[in-house]
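Structure first, commentary second.
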Amino acid sequence: MYQRVADAAWRWVLSQVRWADELSIPETPGTDLPPEHRDGMNSGVGGLAYVLAEIRLSRPWTTEESLLAERIVTQLNAEVPHATEYDFFDGLVSAVGVLTALGADPSPAVDRLLALATPDGWPQTAFEPPRFLPGTRVTDVVLGTAGVLLAAVWTNARELGALAAEVLLAEAEEVPAGLDWAYVPTRFRTDETVRLPNFSHGVAGIAAALAVAGARFDRRDLVTAATRGASHLLSLGDGYVVPRRIPPGDEPVAHGWCHGGSGTSLLYLALARAGVAEVAGAAPMEWHRRALAGVRTSGLPERLRPGFWDNDGRCCGTAGVGDTFLDSWCRGGDPDDLAFAVRLADALVARAVTDGPHAYWRFVEHRDVEPLLPPGVGWLQGAAGIAAFLFRVSRALRASTEPVPRLDSWWALP
């Protein structure tokens, strides 16, 4: 069942690929991605590399899939020498992850990151006046310096790692329980400083990057900073759930890869890999199990109320949570982890919209007049990422536990 729906979703994604002079996919059918997002992991053709990496563990690529992989690599290699965006969603860090997923050499992207470096980080164009000051720097995993550090660890690029680590240490803020990082440092903001403390934009992701970098590059100062970041993070919640946003918004907590316990659990695994014995009174693996328990008991994948669990994608929804639990099962063999991942896969199968040989998903925005959103195509918010999870569930139930390592989560694997 999971294989069948995954195949149908992947066929739909392939039907959306535009094979013109520039390879591209739409964000949703009939739309165009901005040029700067065309090759990215988030919603561009780069994200398809991760699906291809998953498929390769089940069967050989078809001729079409081999050509797609070749075109992605060729297109990224042509763009990397001129790239100015550096982030994990759509920039040079994305290129590092995509190229390695397809077995290609990421060193040109690493070299370009080094060429773009300045003493206080990497320039970007996404944060501009009037809310942000000129020259704003970003610290987080998906848009900022922590993502560069993860790319350096992934490729064992010591010079790049040292640069990124020093920027993050310089941006750290002393707080009563340890260290904190705003995803946009306060000195660059003209309005209220917002904290998004979980993995994608906050201290959880930054501390995870510092921890794995400390282990890879033998930098105990980075591990210490990561541990102090985790201490602060744990002071914000009850050890099971950390607030999604400070100050709070409409939904006080989330549970996905981006802003919830699924992604934040990666921090505790990073600390364990770095040899940290204790943080805030317990072992990192104890905090990891508590974070997953908070997700498991939250009520998802049921849509309990408007605004709760309206997304089935990898970033903020069901597929990303499921992948986290499969990682945990691969690492520890707990049958409850596999059972929960299968429950999430069942929800995805039930919510799939079928159209002839194709399948896709439509998320919900309850505040819109028409709450049913158009189907997404790409990796983090679309059918490509969901299909990859369903392919993996199908393999897991055939006793194939080999995972696909990725730049943002490899330390969660056995």
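The values are calculated or read from the model by the stated rules, or taken from the named source; none is laboratory data. In this text, all values refer to a predicted model and were calculated from it rather than measured experimentally. Methodologically, a virtual Cβ is constructed for each residue, glycine included, from the backbone with ideal geometry; neighbour enumeration extends over all protein chains shown. In case anyone asks, the SASA skips ligands and DNA or RNA and just uses the protein heavy atoms, side chains included. Shrake-Rupley method; radii C 1.70, N 1.55, O 1.52, S 1.80 Å.
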**OP:** Please name all residue pairs, on different chains or six or more residues apart, with Cβ atoms under 9 Å, provided the first residue is in region 335-355 and is aromatic (Phe, Trp, Tyr) and the second residue is open to solvent by 30 Å² or more (accessible area, probe 1.4 Å).
**Re:** Phe340/Arg296; Phe340/Trp329
Original post:
When you go through Ala412, Ala387 one by one, which is the residue that is of a type outside the set (Lys, Arg) and under 20 Å from Glu27 (Cβ atoms)?
Top reply: Ala387
Original post:
helices (runs of 4 or more DSSP H) wholly in region 61-179 with at least 1 residues that are farther than 16 Å from Ala209 by Cβ and in contact (Cβ under 8 Å) with a residue 60 or more places away in the chain - which ones?
Top reply: 92-101
Original post:
Which of the residues belonging to region 285-334 are aliphatic (A, V, I, L, M) and without any contact (Cβ under 8 Å) to a residue 24 or more places away in the chain?
Top reply: Met285, Leu304
Original post:
Could you say whether any residue in region 212-222 is open to solvent by 20 Å² or more (accessible area, probe 1.4 Å), more than 20 Å from Asn156 (Cα to Cα) and not in a helix (DSSP H, G or I)?
Top reply: no
Original post:
Given the residues Ala347, Ala319, Ala339, which is the only one that is in a helix (DSSP H, G or I) and in contact with a Pro (Cβ under 7 Å, 6 or more places away or on another chain)?
Top reply: Ala347
Original post:
of a type outside the set (Phe, Trp, Tyr), under 26 Å from Ala319 (Cβ atoms) and touching a Ser or Thr at 6+ places or on another chain (Cβ under 9 Å), is that true of Gly205?
Top reply: yes
Original post:
For Gly256, are the conditions met, namely being in a loop (DSSP other than H, G, I, E, B) and under 26 Å from Phe217 (Cα atoms)?
Top reply: no
Original post:
Of these, Gly103, Gly135, Gly121, which one is of a type outside the set (Asp, Glu) and either surrounded by 15 or more Cβ atoms within 10 Å (Cβ to Cβ) or closer than 20 Å to Arg38 by Cβ (or both)?
Top reply: Gly121
**OP:** Could you tell me whether region 181-195 includes any residue that is of a type in the set (S, T, N, Q) and either within 18 Å of the chain's Cα centre (by Cα) or open to solvent by less than 60 Å² (accessible area, probe 1.4 Å) (or both)?
**Re:** yes
Original post:
From the residues in region 370-402 that are in a loop (DSSP other than H, G, I, E, B) and closer than 16 Å to Arg351 by Cα, which one is modelled with the lowest pLDDT?
Top reply: Pro371
**OP:** Identify, by number, the condition in (1) within 17 Å of the chain's Cα centre (by Cα); (2) open to solvent by less than 10 Å² (accessible area, probe 1.4 Å) that Gly178 doesn't meet.
**Re:** (1)
